[in-house]
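So the structure is just underneath, and the comments pick up after that.
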Amino acid sequence: MDADKIRSDFPLYESQNNDVIYFDNACQTMRPKQVIDAMNEYYCKFPACGGRSIHRLATQVSMKIDEAREKIASFLGCEPSNLVFTKNCTESLNIVARGYPFKKGSSVLTTDMEHNSNHVPWISSKINHKFVKTPASGIFDFDEYLKNLNRDVSIVSMVHTNNVTGTTIPAKEVIEAAHDNGSLVMLDGAQSTPHQKIDLKKLDVDMFAFSMHKMLGPSGVGVLYAKDEILKKMDPLVGGGGGVGTTDYNSVTFLPSPEKFESGLLNYSGIIGSGAAIDYLTKIGMEEIEEHERGLNTFVTSRLKDNESIQILDPVEPSLRSGIFSFNINGIDSHDIAMICDEISAIAIRSGMHCAHPFFVSRGINGCARASFYLYNTKEECAKFIDTVEYIVRTFSD
Ligand SMILES: Cc1ncc(COP(=O)(O)O)c(C=O)c1O
């Protein structure tokens, strides 16, 4: 994979004279000009609504939306009718937590290190919430999972790849065990879909959620995959125009999915841009992207892991952490690390609790700094990051 060639597709590098080092990819990635062009094409050539009006502009929009849905479906190995467009991963997860008719008194089983998007919706749901404890190694404890997987668990809802540690759960085994127990499984794929090949049919997962803006797509587009029988049983989060077949003064008949869950005018340019992002990732290849990120993470880890003032959040082994490098420096607040990285080296990293407060609070850690890599990042950028972190340690650490 030629990261230098890839970089020429990203206007940010040109506008910043290549000076910015963007390592906040787990939050949002940059967008290539192919995605921006696809979005602009919508606004310039057919800026109408889809699925309603029958004039020529609207027809083009409807066709482009169908096309984008088909591209995402083939990227994930599923049928287009099982994909619902939402505004982000958070909304996708909320649709299930709020809309599925879970049995009263039953439970959801999550890990103890979920992003708030797969935590808050369950806190305010009507079912009980149980957690699988993760050991200090940071690696999913399958025996602990099985111990918690009792008859009362109606759904296992878990982060596929963790946004703080970068670890990935053994999804196939988790799903098989849950199905043997009669439980549904939803995966929060926000950090896995952008970084590894996902095959939903092979996984046999019941529901899967992610955001396009973490994988070169526009902001404000999320996706929910769900099997047919689940889409049929589930109530939509919002109702209104476009989602219904007919209404009278007292009742409503919803359209079949995905329209049932897509009431109101959609983010058409965003969905069309998402199709272009999928084209871009497909052309590069997900296996190549995964290998590239792992190479960068291995390089950074090998240079910083023996520095006694630096703590890498477990596991230290980089091959277990996707493109995520989370760390602390003795005596320095994580926000200060991020601020200094930005100030002296124009390196953009994330700091704080990464919307995973229970993880940090339960372990008594006051947040961490996180560098997260993607396909356009280079070894030279990583070398500058290593030098910057070492400078911070020398200058400010206890
Ligand atoms: C693991 C995980 N789940 C869910 C989300 C929420 O994604 P969004 O803000 O796009 O809804 C994030 C965002 O960082 C995440 O990392």
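Summary of values
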quantity	calculated
Environment charge of A48, counting only residues whose C-beta is closer than 12 Å and scoring Lys/Arg +1, Asp/Glu -1	+4
Alpha carbon centroid spacing (whole Å) that separates region 325-372 from region 4-18	26
Modelled label reach - E291, point 7 Å along Cα→Cβ, region 197-241 residues with backbone N closer than 13 Å	none
Rel. contact order, % - alpha carbon contacts under 8 angstrom, at least six apart, the chain	22
Kyte-Doolittle mean at least -1.0 and Cα axial length at least 18 Å: DSSP H helices in the chain	56-76, 268-284, 286-304, 379-396
Positive minus negative residues near N25 (Lys, Arg vs Asp, Glu; Cβ under 15 Å)	+3
Cross-link pairs beyond the 18 Å C-alpha cut-off, checked among K33/K283; K172/K232; K305/K384; K126/K260; K103/K232; K103/K233	K172/K232; K126/K260
Separation of alpha-carbon centers, region 162-215 and region 29-58, rounded to whole Å	30
Max mean-square fluctuation residue, GNM over the chain, Cα-Cα springs under 10 Å, options R303, R31, R294	R303
Gain upon complete extension [T298, V120; 0.36 nm per residue less C-alpha separation]	60.7 nm
For a label point 7 Å along the Cα-to-beta-carbon line of E390, residues of region 284-302 with backbone N under 16 Å	299-302
Translational diffusion of region 40-177, µm² s⁻¹ [Kirkwood Rh, Cα pairs; Stokes-Einstein; 10 °C; 1.306 mPa s]	90
Cα-Cα separations in the chain greater than 34 Å, expressed as whole percent	32
Residues of region 268-309 with amide N under 20 Å of the 7 Å Cα→Cβ point at N18	296
Label-point separation in nm, H179 to D141, each point 7 Å along Cα→Cβ	2.7
Ranked packing of 266-279, 237-250, most packed first, by mean Cβ within 10 Å	266-279, 237-250
The chain: calculated mean residue ellipticity at 222 nm from DSSP helix runs of at least 4, using -39500 (n - 2.57)	-12000 deg cm²/dmol
Charge sum, other residues only, whose C-beta stays under 12 Å from E144's C-beta, Lys/Arg counted +1 and Asp/Glu -1	0
Region 1-76: Cα Rg divided by the 2.2 N^0.38 Å rule of thumb	1.43
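A short reminder: the numbers here are calculations on the coordinates, not readings from a lab. For clarity, every value in this text was computed on a predicted model and none was experimentally measured. For neighbour counting, all protein chains shown are included, and Cβ atoms are generated from backbone atoms with ideal geometry for every residue, glycine included.
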